[in-house]
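Read through the structure below, which is laid out as structure tokens, and then see the notes.
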Amino acid sequence: MAKTLVVYFSRADENYSVGTVEVGNTELLAKEIIAKTGADEFKIAPVEAYPEDYQEAVACATEEGNTGARPEYIGDIDLAEYDTVFLGYPIWWGDMPMIVYNFIEKHDWNGKTIIPFNTHEGSGNSGTYEALQAAANGATLKGDGFNMTGVEARTDSGIAKLDSWLNELGF
């Protein structure tokens, strides 16, 4: 029997455009996908938390990107029992966060279907779906992915757009 998993990384605390939040923008979308599809959940949570302050988090993420760091995350999940994986992340300076690359690189993606989704503040998917396809060797990306601004992810109309996308995918 086919099983679906939602894997996501999201950062709460002080965020661009939405202020200080308890739940990150990408997590809001992930939770809606889980609710609508009945999928299992794995949140990529860093071993070392990112700073709460936005500018400090920017500096940390910039350093990770510049050095190609692969921050460690808490726990893991065996992808063997899953056929379809929704993979969600924020866009950080034109790319997926380095912690997401770490997750991707630690797993065997052969025969898996990945459905990407992301939040951003003006950069769309920033070419990350192509980077995801290259990093998740052996996987097939389904559809065109889904992206929306963090501000819109916090609205009823944003969630309605997400639900419409899920319906188009057959969920």
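The values are calculated or read from the model by the stated rules, or taken from the named source; none is laboratory data. Everything quoted here is computed from the prediction, not taken from an experiment. Cβ atoms come from the backbone with ideal geometry, glycine included; neighbour counts cover every protein chain shown.
Brief remarks follow.
- Hits in segment 100-130 - residues which are aromatic (Phe, Trp, Tyr) and in contact with a Gly (Cβ under 9 Å, 6 or more places away or on another chain): 101, 109, 117, 129
- Any hit, segment 33-56, residues being assigned to a helix (DSSP H, G or I) and either acidic (Asp, Glu) or touching a Pro at 6+ places or on another chain (Cβ under 6 Å) (or both): yes
- The conditions of being touching a Phe, Trp or Tyr at 6+ places or on another chain (Cβ under 9 Å) and of a type in the set (S, T, N, Q) are not met by residue 17.
- Selected residue (only one of 17, 10 is under 21 Å from residue 118 (Cβ atoms), within 15 Å of the chain's Cα centre (by Cα), part of a loop (DSSP other than H, G, I, E, B) and among the hydroxyl-bearing types (Ser, Thr, Tyr)): 10
- When residues of segment 20-29 are limited to those that are farther than 18 Å from residue 73 by Cα and within 11 Å of the chain's Cα centre (by Cα), the one surrounded by the most Cβ atoms within 10 Å (Cβ to Cβ): 25
- Applying the condition of being among the β-branched types (Val, Ile, Thr) and in contact with a Leu (Cβ under 9 Å, 6 or more places away or on another chain) to segment 103-150 and asking which residue is nearest to residue 37 (Cα to Cα) yields 115.
- Exactly one residue among 97, 90 is in contact with a His (Cβ under 8 Å, 6 or more places away or on another chain) and at pLDDT 95 or above, and that residue is 90.
- Selection of segment 1-51 for residues being under 23 Å from residue 123 (Cα atoms) and hydroxyl-bearing (Ser, Thr, Tyr) yields 8, 10, 16, 17, 20, 26, 50.
- Matching residues, segment 1-55, being over 17 Å from residue 166 (Cα atoms), β-branched (Val, Ile, Thr) and modelled with pLDDT of 95 or more: 20, 21, 23, 44, 47
- Residue match in segment 40-47 (condition: over 12 Å from the mean Cα position of the chain (by Cα), farther than 30 Å from residue 157 by Cα and of a type in the set (Val, Ile, Thr)): yes
- Being of a type outside the set (Gly, Ala, Ser) and touching a strand residue (DSSP E or B) at 6+ places or on another chain (Cβ under 9 Å) holds for only one residue in 118, 110, 137, and it is 118.
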